[in-house]
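Take a look at the structure set out below.
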Amino acid sequence: MLDLRTLTSKEIKLVTELIALLRREQTALQTGNAPALPALVAEKGKQVEALNALARQRNELLASHGLGKDKVGMTAWLENNPGDRVLKGSWQKLLELAEEARQIHLQNGQLVTLHLQETSGALAVLNQEMQKSLLYGADGLSSGPAANQLIDSA
């Protein structure tokens, strides 16, 4: 099993890569590059899986020392090992990067919501216009103003 320093270093590397990926996703959302999104989402899923695997290893290591999981366990570990400044610095950096990734992810979610609202609005307008311009209803009879205009102009 890897030690906490190694695990934390690997997590920092992966979260840094995830942040870069989230920024690419954000750019795609901002520029309307929808075709790029499926590949980015798939890559993001792989990154998150890898991060979760490292977190599980870290939690198993903490549990093997009788400590809790995640922040609680790491805080206890660092309190029990006050001389390990390298791990303390790495853990703090990991927490900061994780917060940065979370913020970018939230912003991306807001962009997705905005795009969905705009798309829904455009579809509603198109549906209304389509209903106005129907020449024939479901019963086969002429309906709508466009049908009357065509008949009246003849």
Looking at (1) surrounded by fewer than 16 Cβ atoms within 10 Å (Cβ to Cβ); (2) touching a residue at least 12 places away in the same chain (Cβ under 8 Å); (3) not basic (K, R), which one does L62 not meet, given that it meets all the others? (1)
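Select, from A101, A36, A28, the only residue that is within 26 Å of K10 (Cα to Cα) and in contact with a helix residue (DSSP H, G or I) (Cβ under 6 Å, 6 or more places away or on another chain).
On the way: A36 fails: within 26 Å of K10 (Cα to Cα); A28 fails: within 26 Å of K10 (Cα to Cα).
After ruling out the rest, the residue left standing is A101.
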The stretch 85-109, subset touching a residue at least 40 places away in the same chain (Cβ under 8 Å) and under 22 Å from H65 (Cα atoms), residue nearest to the chain's Cα centre (by Cα): L94
Give the stretch 54-90 a look and list any residue that's touching a Leu at 6+ places or on another chain (Cβ under 7 Å) and within 12 Å of V15 (Cβ to Cβ), or say none. L54
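To keep it simple, each residue is scored yes or no on (1) touching a Ser or Thr at 6+ places or on another chain (Cβ under 9 Å); (2) at pLDDT 95 or above; (3) within 30 Å of T31 (Cβ to Cβ); (4) loosely packed, with under 11 Cβ neighbours inside 10 Å.
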position	(1), (2), (3), (4)
Q47	no, yes, yes, no
A53	no, yes, no, no
R56	no, yes, no, no
G66	no, yes, no, yes
G73	no, yes, no, no
K88	no, yes, no, no
L95	no, yes, no, no
A98	no, yes, yes, no
Can you report the number of residues in the stretch 1-23 which are surrounded by fewer than 17 Cβ atoms within 10 Å (Cβ to Cβ) and without any contact (Cβ under 8 Å) to a residue 60 or more places away in the chain? 6
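The values are calculated or read from the model by the stated rules, or taken from the named source; none is laboratory data. Here the structure is a predicted model, which is why all the values come from computation and not from measurement. Neighbour counts are summed over all protein chains in view; Cβ atoms, including those assigned to glycine, are modelled from backbone coordinates with ideal geometry.
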